[in-house]
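Scroll down for the structure; my scribbles are underneath it.
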Amino acid sequence: MDPDTLKTAAISDFVAELATNIRSGLSSDDVRNRLEKYGYNEISERHVNPLVKFLSYFWGPIPWMIEIAAILSLVVHHWADFAIILVLLVANAVVGFWEEYQAGNTIAVLKEQLALNARVKRDNRWTTIPARELVPGDLVRIRLGDIVPADARLLEGEPVQVDQSALTGESLPVTLESGDTVYSGAVLKQGETDAIVYATGASTYFGKSAQLVKEAHTVSHFQQAILKIGDYLIVLALALVALILVVALFRGDNMMTTLQFALVLTVAAIPVAMPTVLSVTMAVGAKGLATKKAIVTRLASIEELAGVDVLCSDKTGTLTQNRLTLGEPFVIEPFTGDQAILYAVLASRAEDQDPIDLAIISGLKEQEPVTVYNITHFQPFDPVNKRTEASITAPDGATFKVTKGAPQVILKLCSNAPDIRSEVEEAINGFAHRGFRSLSVARTDGSDQWKFVGVLPLYDPPREDSKTTIETAKSMGVKLKMVTGDQVAIAREIASQLGLGTNILDARLFEDVSHHKAGELAQAIEDSDGFAQVFPEHKFHIVDVLQKEGHIVGMTGDGVNDAPALKKADVGVAVSGATDAARSAADIVLMAPGLSVIIDGIKESRKTFQRMNSYAIYRIAETVRVLFFMTLSILIFNFYPVTAVMIVLLALLNDGPILAIAYDRTHYENQPESWNMPLVLQISTVLGIAGVISSFLLFYLAERVFHIGPEAIQTFMFLKLALAGHLTIFVTRTRGPFWSVAPSPVLLWSAVATKLLATVAAIYGVFMVPISWKWALIIWVYALLWFLVNDRVKLVAYRIFNPAEPALLAGKVSATEH
């Protein structure tokens, strides 16, 4: 049968058609044969032919302009210009193709660590395998928080709730029963079930839909700002070039030569390397985060992480050790402490590897009593009901039920709650003030009425590095807020031990808030140190309120109930051991436990942001410098200070150091980063004007003082612009003096190499009139002197336009890391 027929067939026909066994699963031979027949359970990606991908770099507005310039060079028989322009075109295509290929490989390798796994029964043994190895007929077990690995039909068991909103658009989870179909990509929200796979890969409902969906790319706010800079530079270049053409027309100049020069000048001004720099910088940032055990699933999140000023962190496993220890129980007579633990153990399941269950089971003094009880039904924990339940048959044949869960939930369940509520709450508060989490236990009596048995205290100690890490976060301008499902008293005690503060907000206050009090609640959320008794909808609300208050919010989580908040947050972080649902919703997945990984990630992202900021200032300053110098020289002196081929050479030589910015050493700020476009434009414009002044001064000296010929002056200006352009990188990469942060070797030596190449070209007359070693040395000294002047100009500009950072301007870098 085809998949559409299989999903509606009777279960007996369904099982027979798939030739499977609902008890023992498939055999290894069956699996091998079916893999050959059906292939892997994956949707094959559309891979673009590498040659086609490479050729795509010759198509687009920027390549078109370069190609037109090359054609014009051929028309006027400027063979040298044509050769160099062609080299520029091919070089940018090669660099762009290679770096994008490398960036894609980096992310692909990292994402392999996030591959979805499936629990499957084969050869009568349960095992965990990569989901891509599933075949039709496999018997799988799906648990709370799991992403369904393939299309399957449910076997006998309790109904489960499944969120398939990503597939069908249904806003609420649907309840599915035995025989119902569950689709690949859906998320189990409540319950636990076994199912038989009937469709894999492209044959699944998700696979068929995926064939119709085109890949969408998201662009972060910072990338949008960088692209706006590119638009600004293009408009500026076109305006000045248009002015040059108009003046040349009135003067009667050779329009073909002028047009060719104008086109090449435009190409030089356009940030040709910008897409490459962006991809390289993001890829390098992803690699840096990977070394910190943080895998980036969305590259743009690296930039957004740099701006996070509020981090909402789960308590368990992130701030604490997630290693629960069972204390001495509080019990209600006539029950004993041993009975309370026994009933809690019966309401637990070791194979689920739940930390609470394992702590309770390890607290049982003797394992023998458990084996004499027969568990006829088990209802696993879900985040809505907040309890587990088991139906038990005792050795004497008597039947009863046991349950364990949140104290307030268990109390509501019990018939004896009114008589014992006060002493239970007193015990719970006593445990909470000592930092213990309380878990209540109940069982049914002979008349099937729930009776409260006792309270089990569980303690999860803080991680050894949490307090230090929180202090580091505070020093970096990140406000950390603890989020936990525990009671307020427990949350306050743990927060106090960690140095977070004790202003803990009860999340139940979020419910039924009137409109006129919404503002007060928003302020309370913003001022709080953490939140207790949090449900899934509370987490989403917390993120939403903080974002509306103007914060860039990071949110950590590990469970299916965290997924909505992780998706809503500016940066969602799935912590170590997170469920598949949480990982899918998150932007960053941590592969090591603890909060320190996130703080390392913030540091790395801020350094990446600084590199991008340095590039933006450099690119604008250089464009202003070259464009205005060229334009004013042509308009005022009717002199082309450099040839078209020299402009192309300058652009070609600059690409190496520009790419090396992605690997540069830099410091991270001790405040969240935000894109300050006015400041970038102000600093870069000042540096650009300073460059124009230095160029005209050398032009004056060469013509009026040294009496150099016009063609030699062009070589003079070429060498000066090449040297000054590379040195500008070392000015813009720091906010303090240029020596405040040492450059990386790759940046330093790439700049040195390109400077030497430019010098050799000038001395030996490669595509230009040669000059002597003496003149080359003079230009080197001149460029280095102006480099020192420009560095001081930059410091003055920062003092004027950004007076809030005197420490940085004095060279006292707040934090420096390699």
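The values are calculated or read from the model by the stated rules, or taken from the named source; none is laboratory data. Small disclaimer: the values here were computed from a predicted structure and weren't measured. Quick reminder, even Gly has a Cβ in these numbers, built from the backbone with ideal geometry, and neighbours come from all protein chains shown.
Scan the stretch 417-443 residue by residue and report those that are modelled with pLDDT of 90 or more and of a type in the set (S, T, N, Q).
Within the stretch 417-443, Ser422, Ser440 qualify.
Can you say whether Thr715 is of a type in the set (Val, Ile, Thr) and farther than 28 Å from Ala797 by Cβ, as far as the supplied structure shows? Walk me through it before giving the result.
Numbers: of a type in the set (Val, Ile, Thr): yes; farther than 28 Å from Ala797 by Cβ: yes.
It is true that Thr715 is of a type in the set (Val, Ile, Thr) and farther than 28 Å from Ala797 by Cβ.
Of the residues that make up the stretch 319-342, is at least one under 30 Å from Met476 (Cβ atoms) and either of a type in the set (A, V, I, L, M) or surrounded by 21 or more Cβ atoms within 10 Å (Cβ to Cβ) (or both)?
yes
For Leu324, work out the one condition from (1) in contact with a Leu (Cβ under 7 Å, 6 or more places away or on another chain); (2) over 30 Å from Gly554 (Cα atoms) it doesn't fulfil.
Only one criterion in (1) in contact with a Leu (Cβ under 7 Å, 6 or more places away or on another chain); (2) over 30 Å from Gly554 (Cα atoms) is unmet by Leu324, namely (2).
Checking the conditions here, which among Ser313, Ser348 is in the same structural domain as Thr403 (by the TED database), of a type in the set (Gly, Ala, Ser) and either over 21 Å from Ile410 (Cα atoms) or buried (at least 23 other Cβ atoms within 10 Å of the Cβ) (or both)?
Details: Ser313 fails: in the same structural domain as Thr403 (by the TED database).
The conditions single out Ser348.
Please list, ordered by first then second residue, the pairs with beta carbon atoms under 6 Å, 6 or more apart or interchain, first in the stretch 478-500 and under 25 Å from Val424 (Cβ atoms), second of a type in the set (Asp, Glu).
Sorted first by the residue in the stretch 478-500, then by its partner, the pairs are Val488/Asp506; Ala495/Asp529.
For Trp675, which of the numbered conditions (1) modelled with pLDDT of 85 or more; (2) among the aromatic types (Phe, Trp, Tyr); (3) under 22 Å from Tyr232 (Cα atoms) fails to hold?
That leaves (1) as the condition not met.
Has the stretch 435-458 got any residue that is within 41 Å of the chain's Cα centre (by Cα) and surrounded by fewer than 16 Cβ atoms within 10 Å (Cβ to Cβ)?
Looking through the stretch 435-458, none of the residues is within 41 Å of the chain's Cα centre (by Cα) and surrounded by fewer than 16 Cβ atoms within 10 Å (Cβ to Cβ).
How about the stretch 187-204: which of its residues are out of contact with any Pro (no Cβ under 8 Å at 6 or more places or on another chain) and modelled with pLDDT of 80 or more? Spell out the reasoning first.
From the stretch 187-204, those out of contact with any Pro (no Cβ under 8 Å at 6 or more places or on another chain) are 187-188, 193-196, 201-202; that's our starting set.
Val187, Leu188, Thr193, Asp194, Ala195, Ile196, Gly201 - these are the residues of the stretch 187-204 that are out of contact with any Pro (no Cβ under 8 Å at 6 or more places or on another chain) and modelled with pLDDT of 80 or more.
When Leu701 is evaluated against the numbered criteria (1) surrounded by fewer than 20 Cβ atoms within 10 Å (Cβ to Cβ); (2) under 17 Å from Ala751 (Cβ atoms), which criterion, by number, is the only one it fails?
It is condition (2) that Leu701 fails.
When you look at Gln487, is it surrounded by fewer than 19 Cβ atoms within 10 Å (Cβ to Cβ) and farther than 21 Å from Ala563 by Cβ, yes or no?
Values: surrounded by fewer than 19 Cβ atoms within 10 Å (Cβ to Cβ): no; farther than 21 Å from Ala563 by Cβ: yes.
No.
Is there any pair with a first residue in the stretch 729-752 that is closer than 17 Å to Thr608 by Cα and modelled with pLDDT of 90 or more and a second that is in a helix (DSSP H, G or I) and among the aliphatic types (A, V, I, L, M) whose Cβ atoms are under 6 Å apart and which are 6 or more apart or on different chains, and what are they?
Close Cβ pairs satisfying both conditions: Thr732/Ile617.
Are any residues in the stretch 707-722 among the polar types (S, T, N, Q) and out of contact with any Ser or Thr (no Cβ under 9 Å at 6 or more places or on another chain), and if so, which ones?
The first filter runs over the stretch 707-722 and keeps only residues among the polar types (S, T, N, Q), leaving 714-715.
If the condition is that a residue be among the polar types (S, T, N, Q) and out of contact with any Ser or Thr (no Cβ under 9 Å at 6 or more places or on another chain), then Thr715 is the only one that fits.
Of the residues Phe767, Phe787, which is at pLDDT below 90, surrounded by fewer than 20 Cβ atoms within 10 Å (Cβ to Cβ) and more than 22 Å from Tyr668 (Cα to Cα)? Talk me through it step by step, then tell me what you get.
Working: Phe787 fails: at pLDDT below 90.
Matching residue, one of Phe767, Phe787: Phe767.
Exactly one condition in (1) without any contact (Cβ under 8 Å) to a residue 60 or more places away in the chain; (2) out of contact with any helix residue (DSSP H, G or I) (no Cβ under 6 Å at 6 or more places or on another chain); (3) surrounded by fewer than 15 Cβ atoms within 10 Å (Cβ to Cβ) is not met by Ser475; state its number.
Just one mismatch for Ser475, condition (1).
Test Ser56 against the stated conditions and say whether it is more than 22 Å from Ser184 (Cβ to Cβ) and modelled with pLDDT of 80 or more. Walk me through how you get there before you give the answer.
Values: more than 22 Å from Ser184 (Cβ to Cβ): yes; modelled with pLDDT of 80 or more: no.
Criteria not met by Ser56.
Considering only residues that are closer than 21 Å to Glu158 by Cβ and modelled with pLDDT of 90 or more, look in the stretch 127-145 and name the one that is surrounded by the fewest Cβ atoms within 10 Å (Cβ to Cβ). Let's see the steps before the verdict.
Residues of the stretch 127-145 that are closer than 21 Å to Glu158 by Cβ, as a first pass: 139-145.
Of the ones still in play, those that are also modelled with pLDDT of 90 or more are 139-142.
Working: Leu139: 23, Val140: 25, Arg141: 17, Ile142: 24.
It comes out as Arg141.
Give the number of residues within the stretch 462-472 that are buried (at least 19 other Cβ atoms within 10 Å of the Cβ) and of a type in the set (Lys, Arg).
1
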